[in-house]
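Okay, structure first, notes after.
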Amino acid sequence: MPIKFPFSRRREVTPEAWTKCPTCESQMFNRQLERTLRVCPTCGHHFRMGIGERIELLLDDASFEERDAGLESGDPLGFHDQKPYTDRLDAARTKTGLREAAVWGIGVIDGHRVAIGLFDFRFMGGSMGSVVGEKLARCFEAALVERIPAIVVSASGGARMQEGTLSLLQLAKTTAPLTRLDAAGIPFISVLTDPTTGGVLASFASLGDIILAEPRALIGFAGARVASGTVGEELPEGFQSAESLLEHGFVDAIVPRSELRTTLSRLLRLLPVAPAEDGLQTAGEAHGWGPIGVLSGIAERLGTAVSETIGIEVERPPADEPAAPRERTREDDR
């Protein structure tokens, strides 16, 4: 029988006070983990962060102003698998204290105003449903109206399957406004954290003017086994890691969490917003051949219904009035 000392200073430590690193398996106090920005001090593993922690990490104190906080997902399909979709939403809201998997607003990074969107993987895997897509589209549109850079910190498993095709429509809805940002000379910086996969990666997250990633982040469209079966061959280990994607040119830089704010501040100085009177072509003029340019062209050809669905405003001349010739742009002079 163990001897108990009545005046021992040793205290009971509950398992909830500790966190085990999945990479090196070292144990650390949660308070210690918070001091290191949720980065393992032994091996450098980057644990996932919530939206509140991201805001404190990246933005100036008390500078964040959330917008569209009242938007909440409904259940347009009446979806029910093991339990109703509405029950899953309620459970996620209780667990995280959030109304949805993404939040957006206006903030300041070292004096630079930005429109910023942030994902929280704890809310149904950060999946992108109709409300998340709407919030991101409004984030990009606000950046265009206020002529400030846009930043999105992604952490998502992809499209929200409980909303079916409606969730897939968000891929077009979130990418379409980016062509207008590009035409207006307004930078978009995409930050990929662990994990960024599925429809989020296949849409806006891979279209940044600058794409940053946290160390060892899982980044890919489908799981490793599905990707291997699709191409019919064995793929190298770690091919969906941030380091592998940096080596193959998909990611511009891998930035440790402690340096992310400084890096964003430097990029905001290096990528200023173009003056409005710079003569750059506007949305509705010539479209490039990139994915967002193709979406814009489809919207113009198919009309108002499609344009409203993917968030592009299309002006059409009256039926009896011929279309005005397009003005010459810089692309024509090359």
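Yes or no, residue by residue, for (1) acidic (Asp, Glu); (2) assigned by TED's automatic domain parsing to the domain that holds residue 126; (3) more than 26 Å from residue 132 (Cα to Cα); (4) not in a helix (DSSP H, G or I):
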{"site": "172", "(1), (2), (3), (4)": "no, yes, no, no"}
{"site": "177", "(1), (2), (3), (4)": "no, yes, no, no"}
{"site": "181", "(1), (2), (3), (4)": "no, yes, no, no"}
{"site": "215", "(1), (2), (3), (4)": "no, yes, no, yes"}
{"site": "219", "(1), (2), (3), (4)": "no, yes, no, yes"}
{"site": "228", "(1), (2), (3), (4)": "no, yes, yes, no"}
{"site": "236", "(1), (2), (3), (4)": "no, yes, yes, yes"}
{"site": "246", "(1), (2), (3), (4)": "no, yes, yes, no"}
{"site": "258", "(1), (2), (3), (4)": "no, yes, yes, no"}
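Scanning region 69-125 for residues that are among the β-branched types (Val, Ile, Thr) and part of a strand (DSSP E or B), which turns out surrounded by the most Cβ atoms within 10 Å (Cβ to Cβ)?
The initial filter retains those residues of region 69-125 that are among the β-branched types (Val, Ile, Thr), namely 86, 94, 96, 103, 106, 108-109, 114, 116.
Filter once more, so that each one left must be part of a strand (DSSP E or B): 103, 106, 108-109, 114, 116.
On the way: 103: 25, 106: 19, 108: 17, 109: 20, 114: 23, 116: 28.
If we take residues in region 69-125 being among the β-branched types (Val, Ile, Thr) and part of a strand (DSSP E or B), then 116 is surrounded by the most Cβ atoms within 10 Å (Cβ to Cβ).
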Practice item. Quick one: count up the residues across region 150-168 that are closer than 26 Å to residue 185 by Cα and either of a type in the set (Val, Ile, Thr) or in a helix (DSSP H, G or I) (or both). Key: 3
Point to revise | Test: residue in region 128-146 that is closer than 26 Å to residue 243 by Cα and assigned by TED's automatic domain parsing to the domain that holds residue 214 | key: yes
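Would you point out which residue out of 111, 74 is in the same structural domain as residue 165 (by TED's automatic domain parsing) and on the phi > 0 side of the Ramachandran plot? Step through it out loud before you land on a result.
Values: 74 fails: on the phi > 0 side of the Ramachandran plot.
On inspection, the qualifying residue turns out to be 111.
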Point to revise | Boolean, residue 179 is farther than 20 Å from residue 274 by Cβ, touching a helix residue (DSSP H, G or I) at 6+ places or on another chain (Cβ under 7 Å) and among the β-branched types (Val, Ile, Thr) | key: no
Practice item. Considering only residues that are surrounded by 14 or more Cβ atoms within 10 Å (Cβ to Cβ) and among the small types (Gly, Ala, Ser), look in region 234-276 and name the one that is nearest to the chain's Cα centre (by Cα). Key: 242
Practice item. Kindly establish whether residue 62 is assigned by TED's automatic domain parsing to the domain that holds residue 215 and not in a strand (DSSP E or B). Key: yes
Check your understanding: Restricted to region 33-52, and to residues that are small (Gly, Ala, Ser) and assigned to a loop (DSSP other than H, G, I, E, B), which residue is nearest to residue 258 (Cα to Cα)?
Key -> 44
Point to revise | Qualifying residues in region 105-156 (those that are over 19 Å from residue 63 (Cβ atoms) and acidic (Asp, Glu)) - the one farthest from the chain's Cα centre (by Cα) | key: 141
Practice item. Pairs only if they're at least six apart or on different chains, beta carbon under 9 angstrom, first in region 205-228 and closer than 17 Å to residue 254 by Cβ, second surrounded by fewer than 16 Cβ atoms within 10 Å (Cβ to Cβ) and of a type in the set (Ser, Thr, Tyr); list them, first residue then second. Key: 216/23
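The values are calculated or read from the model by the stated rules, or taken from the named source; none is laboratory data. This structure is a prediction, so every number in the text was calculated from the model and none was measured. All Cβ positions, glycine included, derive from the backbone under ideal geometry; neighbour counts span all protein chains shown.
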